[in-house]
Amino acid sequence: MLIEAATSALLLVDVQERLAPAVERGEACVARCRILLEAAARLAVPTLATEQYPEGLGPTVPELAALLGPGRTYAKRCFPASAEPRIAAALQELGRPQIVLCGMEAHVCVLQTALDLLRLGLRPIVVADAVASRRAQSRQLALDRLRANGIEIVDSEMVLFEWLREAGTADFKALIRLIK
């Protein structure tokens, strides 16, 4: 099944100032998250962001925070974002069954959020090149476990092209620069 802009939402998980420098491939992950945020904004895909214990890990990295709308970032303490009542309510309010996930750490909050969203009857989709962990092995184990549980693993270009659906449009022309 394709990822559709009209039926999906983007969930940016815990890409925070004190965490991002500690993860392997942190800069690449942030760059891919940025592409997804820019595409979501252009294509009217709603976006939510989470911050795990922001008192300790700090806020969302500035370059991504600048792309988020006001009131779209939620502090949390539970590892699965959907276990926080305000975040679960925000996701439900969107009414979008496909939840595209990116962020940190793949083997903790991204994994637990995806599995919980699946349990809630939603369709989580994890963007492999837009998730990271402190260790490569942890990230790979998370992707393997997600796949074994029936969660789709994609890359950021797959999301972008499926959201776009066709070439030659104004949206295509505006967004193709993100991957060139």
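Here are a few things to note about the model shown:
- Candidate set from the range 126-155 (those that are in a helix (DSSP H, G or I) and polar (S, T, N, Q)); member that is farthest from Leu111 (Cα to Cα): Gln137
- Considering residues of the range 28-62 that are charged (D, E, K, R) and within 15 Å of the chain's Cα centre (by Cα) only, the residue nearest to Leu91 (Cα to Cα): Glu51
- Residue list for the range 1-18, filter: in a loop (DSSP other than H, G, I, E, B) and either within 11 Å of the chain's Cα centre (by Cα) or surrounded by 24 or more Cβ atoms within 10 Å (Cβ to Cβ) (or both): Asp14, Val15
- Consider the range 63-86 and keep the residues that are within 14 Å of the chain's Cα centre (by Cα) and not in a loop (DSSP other than H, G, I, E, B). The one that is surrounded by the most Cβ atoms within 10 Å (Cβ to Cβ) is Ala81.
- So Tyr74, is it of a type in the set (Phe, Trp, Tyr) and either within 17 Å of Arg139 (Cβ to Cβ) or in contact with a strand residue (DSSP E or B) (Cβ under 7 Å, 6 or more places away or on another chain) (or both): yes
- Under the condition of being closer than 29 Å to Arg165 by Cβ and either among the acidic types (Asp, Glu) or outside any helix (DSSP H, G or I) (or both), the residues counted in the range 26-58 number 9.
- In this structure, Arg177 does not qualify as in contact with a His (Cβ under 9 Å, 6 or more places away or on another chain), without any contact (Cβ under 8 Å) to a residue 40 or more places away in the chain and not in a strand (DSSP E or B).
Each reported figure results from applying straightforward, stated rules to the coordinates on display, with no laboratory input. All values derive from a computational prediction rather than experimental measurement. Glycine gets a Cβ as well: all are built from the backbone with ideal geometry, and neighbour counts include every protein chain shown.
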